[in-house]
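The numbers here are math on the coordinates, done by the rules we state, and not lab data. Predicted model only: the values in this text are computed from it and were never measured. Methodologically, a virtual Cβ is constructed for each residue, glycine included, from the backbone with ideal geometry; neighbour enumeration extends over all protein chains shown.
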Number of protein chains: 2
Amino acid sequence: MRFLKLFALVIFTTTLVSQAQTQRQVANPTAQALASPTPTPTPLPPPTVKIDGYRAAAARIIGAALTSDRAYARLAHLTDHIGNRLSGSKNLERAIEWAATEMKRDGLDNVRTEKVMVPHWVRGEESLEMLTPVSRKLQMLGLGNSVGTPAEGISAEAVVVRDFAELDRLGEKVRGKILVYNAPYESYGVTVSYRLQGASRAARYGAVAALVRSITPVSLQTPHTGAMNYDPNLPKIPVAAITIEVAEFLQRMNDRGDRPTLRLKMEAKFLPDAESANVIAEVKGSEKPDEIVLISGHFDSWDVGQGAHDDGGGCIVAWEAARLLKELGLKPRRTIRVVLYTNEENGLRGGNAYRDAHQAEISKHILAIESDSGVYRPEGFGLVATAPSQVRSNLQEIAKLLSGIRADGIAANGGGADIGPLMRDGVVGASLDVEGSHYFDIHHTPADTLDKVDPQELALCVATMAVMAYTVADLPNPY
Amino acid sequence: MRFLKLFALVIFTTTLVSQAQTQRQVANPTAQALASPTPTPTPLPPPTVKIDGYRAAAARIIGAALTSDRAYARLAHLTDHIGNRLSGSKNLERAIEWAATEMKRDGLDNVRTEKVMVPHWVRGEESLEMLTPVSRKLQMLGLGNSVGTPAEGISAEAVVVRDFAELDRLGEKVRGKILVYNAPYESYGVTVSYRLQGASRAARYGAVAALVRSITPVSLQTPHTGAMNYDPNLPKIPVAAITIEVAEFLQRMNDRGDRPTLRLKMEAKFLPDAESANVIAEVKGSEKPDEIVLISGHFDSWDVGQGAHDDGGGCIVAWEAARLLKELGLKPRRTIRVVLYTNEENGLRGGNAYRDAHQAEISKHILAIESDSGVYRPEGFGLVATAPSQVRSNLQEIAKLLSGIRADGIAANGGGADIGPLMRDGVVGASLDVEGSHYFDIHHTPADTLDKVDPQELALCVATMAVMAYTVADLPNPY
């Protein structure tokens, strides 16, 4: 009986795994860091911190997080009542004002906004249609930072390639064409290069526009936007994301020799830079208030969906972690500083502005954590690979406080875009790591909506962030 | 070690199952037929057919299907070069003309089209937006057969219910409101009642329009259309599908007391009935040409996506099964008749017209099989529950010819919408059954496109259909 049951289980598992492989390819970008060849682990020094004194505080934090609906209610307000929040938009302004007001009401310390001028890209109307051999509307979504087309659009034959190597082989043959990249998803980190560099690499050979298969393992005619960059030495051509379905349709047309022609229309353009702000609030340190543990997310989002997982959730996690500590009367020795950065998605002006404005105190940042991988079930933290081994050993020890909620991992690498400038200046950086298997299904799409957020998983993210931030901020000598 | 491995497997399986449950609920509608309470199986009589003489033919058919790209190439032409095919559309006319021409070229017998007048519903422009408390465009797709709205749209407060019982409790409170059904997916068969009856059941209490959560286990802001019916005794109010995301957004608004107001605009209307046709082709029987094994699909589709799985694939399976037999020179004793029905989706005029036009030979139909559940990996056939036990026993025996491709199941129930009129007149009906776990992800959506069809699975469907049809048509006494 036992054997039969287990055998049935094996069959079942095999079926599930096989389906999962059909539906999605490698989905976890952080897994790349652990890939080939098998490293010989360097033994870490023993931890120099004692965590027993923090078990009671961790228990209170976890209990409070799991019995409060504040985080979810606030994320609901942000997503349902404010909505998506692209840099320069009225919605982002409203979100910033709301957060600063509420943070003061929460009794957080030193609540303020720090002005940042941000790029103001607007999408406008946009469309893609096939003109020949059949007339058909095609799903698309312009890429952020792209230039627009003339009002009548750009009409040209499409040429489809699977990768940059195929483009390079075609070379000048793409002159005057709309270049279509149909690169299957390998991982976000790998495949996003087509979104970032695709336009300029096509322009180099004279293409007049580019279309990029959305960076995702799955699709239900779901286009994914995201930032792109132009090589300043090459002509700027318009570029849009297309769905997996459209990319495969164009690939089939291409491979059959149908020579499809397309018309791309995009009103995309930059308006003058707009005023925005980083939102900052603190739990002031009781003994060493000038030393800082920074916890953060980015408050801007793309202009589609609700920016729920990316990164409304991450902001609420950092904010609510601080609020919970206040509510519980937990006063760490050092200051915990919440930063909700502006303009992560298409400029990183918030992260750079914070570094510039806080130059004098950068060395006082003990740790900077960013939550920007969605607010799924937390697994722990990703610690920047260059962190000193004593720091890694101690954070591993501290993370044991989170083993009861299985969020005690300290992954081999981590960090965040907004805290990147700080990390380059020597601050130890980390990411809140979460179960990421569905993040890139919805990332930068109209489907990044609150229904995808599990209230309990969000609460566990808050607890994970709060326990780590509090313990590091309060230990006499965290490393 | 074995224990540890198995333990790891259990954990892994548990994780997968848990994820699968979060992502999708019961997805296989045919599973409902097997549900509670556990029946005591009635022993079947021993089969009266000998299948050994058909192993060679089955081998040739399976081999030929798995080495030909004809089915996929034809489905590609139908989906890529013709496109979706709603009744009354130019595309459906083109598809019918193309199929009849190609079937003649294939050398099939008695190729003809049989005229059918079909309803001609057109969608027109349509939109849904929230007016208050926030302004937002919402994803929608009008339901087939719905009436339209006045040109200025219908603006009203939304009231959200989870099921009909909640509607009945509200009763007259929904007068003047837009009623929103946010019924979570249980199974297609169960949950589709909201799409079919939702408008009239809301109109009974005075609602001015209705919105129905799409009938699907998953969504990436994916609206699913489909037919609806009006109760002739109640006012006809416009009705549209909304995505799971929009339904949950409206539910949250409703539950918080936000009293959202919406504006629904739909140009949907019926034009005069249009001329269409069933497409028919045969492999003429050598000894009993008047006895018929009918294999079929429906050639019309909804007006979104490509109608690839629903039901372009099913049509190609029936057609290619017959063509393969011709190519292999396999001449069955009875006639195998391919029927590509028109107007399954919003009228069933094709199925009814076939029954009416072939009244005199209905009793000569030995078996009618419809392929309309997608063209995923075939699992066998679903045989109508009322089939005589000797028929069931013999078809189970014949299906053993398909055990090598694991398509030898004969499920407890089956049939098809288009062959329904024949079945009601006593013809034994069956469905081609396939692995259906992803069918309702894309059913009636813009994402029902060719990239979702696996060429090998399509070929296996062709082989399964051809082996069963040939063997039943050729056995001296199939039952």
How high is the relative contact order of chain A, in percent, counting Cα pairs under 8 Å that sit 6 or more residues apart? 22 percent
If you average the C-alpha positions of the range B:395-416 and of the range A:147-177 separately, how far apart do those two centres end up, in angstrom? 49 Å
Sort shortest first the distances from A:His81 to its counterpart in every other copy, using label points 7 Å along the Cα-to-beta-carbon line, and give them in nm. 5.7
Chain B: antiparallel DSSP beta bridges as a percent of all, rounded to 5: 55 percent
For the range A:66-178 the mean separation of alpha carbon contacts under 8 Å (6+ apart) over residue count, i.e. relative contact order in percent, is 14 percent
What fraction of the DSSP beta bridges in the protein assembly as shown is antiparallel, stated in percent and rounded to the nearest 5? 55 percent
18 Å cut-off, amide nitrogen to a point 7 angstrom out along B:Lys104 Cα→Cβ, residues in the range B:315-333: B:323
Please report the relative contact order for the range B:294-396, taking Cα pairs under 8 Å with a sequence separation of at least 6, and give it as a percent rounded to a whole number. 38 percent
Using a 10 Å cut-off around each Cβ of peptide B:221-229, what is the average number of partner chain Cβ atoms that fall inside? 2
With +1 on the Cβ of every Lys and Arg and -1 on the Cβ of every Asp and Glu, and nothing else charged, how large is the dipole of the protein assembly as shown about its Cα centre, in debye rounded to the nearest 20? 840 debye
Among B:Lys173/B:Lys269; A:Lys50/A:Lys400; B:Lys115/B:Lys364; B:Lys50/B:Lys326, which pairs are too far apart, with a Cα-Cα distance over 20 Å? B:Lys173/B:Lys269; B:Lys115/B:Lys364; B:Lys50/B:Lys326
Please arrange B:Lys265, B:Lys288 by how many other C-beta atoms lie within 10 Å of their C-beta, fewest to most. B:Lys288, B:Lys265
Taking square-rooted eigenvalues a ≥ b ≥ c of the alpha carbon gyration tensor, is the range A:401-479 rounded, prolate or oblate, where a/c under 1.5 means rounded and, failing that, a/b exceeding b/c means prolate? oblate
Classify the range B:277-380 as rounded, prolate or oblate from the Cα gyration tensor: take a ≥ b ≥ c as the square roots of its eigenvalues, call it rounded if a/c is under 1.5, otherwise prolate when a/b beats b/c and oblate if not. oblate
Which value does Rg/Rh take for chain A over its C-alpha atoms, Rh per Kirkwood? 1.01
Need one value for B:252-261: mean number of C-beta atoms belonging to other chains within 10 Å of its residues' C-beta atoms. 2
For A:Glu172, go 7 angstrom from Cα along the Cα-to-Cβ vector, then report the distances to that same point in the other copies in nm, smallest first. 8.2
Provide the packing ranking of B:442-448, B:255-261, i.e. peptides ordered by the mean count of other C-beta atoms within 10 Å per residue, highest first. B:442-448, B:255-261
If one compares the long axis through the Cα atoms of helix A:313-328 with the longest principal axis of the Cα atoms of chain A, the angle in degrees, nearest 10, works out at 10 degrees
Determine, for A:Glu291, B:Glu102, the number of other Cβ atoms within 10 Å of each Cβ, and report the residues in order from fewest to most. B:Glu102, A:Glu291
Ordered by residue, what ³J(HN,Hα) values in Hz, to whole numbers, does the range B:78-85 give under the Karplus form 6.51 cos²θ - 1.76 cosθ + 1.60, where θ = phi - 60° and Gly and Pro are x? 4, 7, 7, 9, 9, x, 5, 9
What is the angle, in °, between the Cα long axis of helix B:244-255 and the longest principal axis of the Cα atoms in chain B? Nearest 10 is fine, range 0 to 90. 30 degrees
Of A:Ile244, A:Gly313, A:Ser127, farthest towards positive along the dipole that unit charges on Lys, Arg, Asp, Glu beta carbons give chain A: A:Ile244
Give a residue-ordered list of calculated ³J(HN,Hα) values for the range A:97-110 (Karplus: 6.51 cos²θ - 1.76 cosθ + 1.60, θ = phi - 60°; whole Hz; x for Gly, Pro). 5, 4, 5, 4, 4, 5, 5, 5, 4, 6, x, 5, 8, 6
Mind pulling the angle between the C-alpha long axis of helix B:55-65 and the longest principal axis of chain B? Nearest 10 degrees, somewhere in 0 to 90. 50 degrees
Ordered by fewest other Cβ atoms within 10 Å, a rough proxy for footprinting exposure, A:Phe381, B:Phe299, A:Phe270 read A:Phe270, A:Phe381, B:Phe299
Label position 7 Å from Cα toward Cβ: report the copy-to-copy distances for A:Leu44 in nm, one decimal, ordered from shortest. 6.1
Per-residue HN-Hα couplings for the range B:122-131, Karplus 6.51 cos²θ - 1.76 cosθ + 1.60 at θ = phi - 60°, whole Hz, x for Gly and Pro? 10, 6, x, 6, 7, 6, 9, 9, 8, 9
Gyration tensor verdict on the range A:347-479 (Cα atoms; rounded if a/c is under 1.5, prolate if a/b is larger than b/c, oblate otherwise): oblate
